[in-house]
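Written below as structure tokens is the structure these notes are about.
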Amino acid sequence: MMKRQDNNKIKSLGVFCGSSVGRGEAYGEMAVRMARRLVHEGITMVYGGGNVGLMGIMASEMLAAGGEVVGVIPSHLASRELVHPGVEKMHVVEGMAERKALMAELSCAFVALPGGFGTLDEMFEMLTSLQLGLSGKPCGLLNIKGFWDPMVLQIERCVEEQFLSQIHRDHLLVHDDPESLLDALRDYTTRKHDDTLWINGLKENNRY
């Protein structure tokens, strides 16, 4: 049975993105566009608390436009003076696990802009929680310059080789502009968690 998320108005969005700005201007420009869209729709940005890279660009643009920003930063990064000085609602936590847990608690949905290992780790943890039925919060990728195309192809390969069900693959929303992505997050539906997706797979492959 399909259950519609109560997301007609997403109140807070967990944003994962790089601590670098990337090559060229397109990444930073889209980060600004995303921030302005969040402000326009009255959505709070929940992010990693830094003042560098795409995360710093988004947070600064949000604040400049009168938006609300909540930062969650581990103490070892705060001590390196990477914390954004303009973000008043800043949670300093012990480590990366605590950061992800608090961001998950504070956010209604999640979006990843281009980034590296940290961005991938954060988004895949949220997707895994969604897959396991521990969360019903939608997850999306903002696909700037086709950045996420290779990863999406790898995920499709996981489905083709039967390491991932199509139902679970469909949890991940991918769009190349903020407006379409936010619309998709609001329209997201999720299936009740079904353990038979794993049980049947184990029965079929017990020879291994």
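Structure data summary
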{"item": "Close Lys-Lys pairs in the chain, where close means Cα under 27 Å and separation is 8 or more or interchain", "result": "20"}
{"item": "Rounded D (µm²/s) - the stretch 5-67, Kirkwood Rh over Cα pairs, Stokes-Einstein at 37 °C, 0.692 mPa s", "result": "278"}
{"item": "Diffusion coefficient, µm² s⁻¹, Stokes-Einstein with Kirkwood Rh over alpha-carbon pairs of the chain at 37 °C and 0.692 mPa s", "result": "186"}
{"item": "Burial order of peptide ranges 152-164, 39-51, 126-138, 82-94 (average beta-carbon count within 10 Å, highest first)", "result": "39-51, 126-138, 82-94, 152-164"}
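Here, each number is a calculation from the coordinates, and none is a lab measurement. All values reported here derive from a predicted model rather than from experimental measurement. Heads up, the Cβs are rebuilt from the backbone with ideal geometry, glycines too, and the neighbour counts pull from every protein chain shown.
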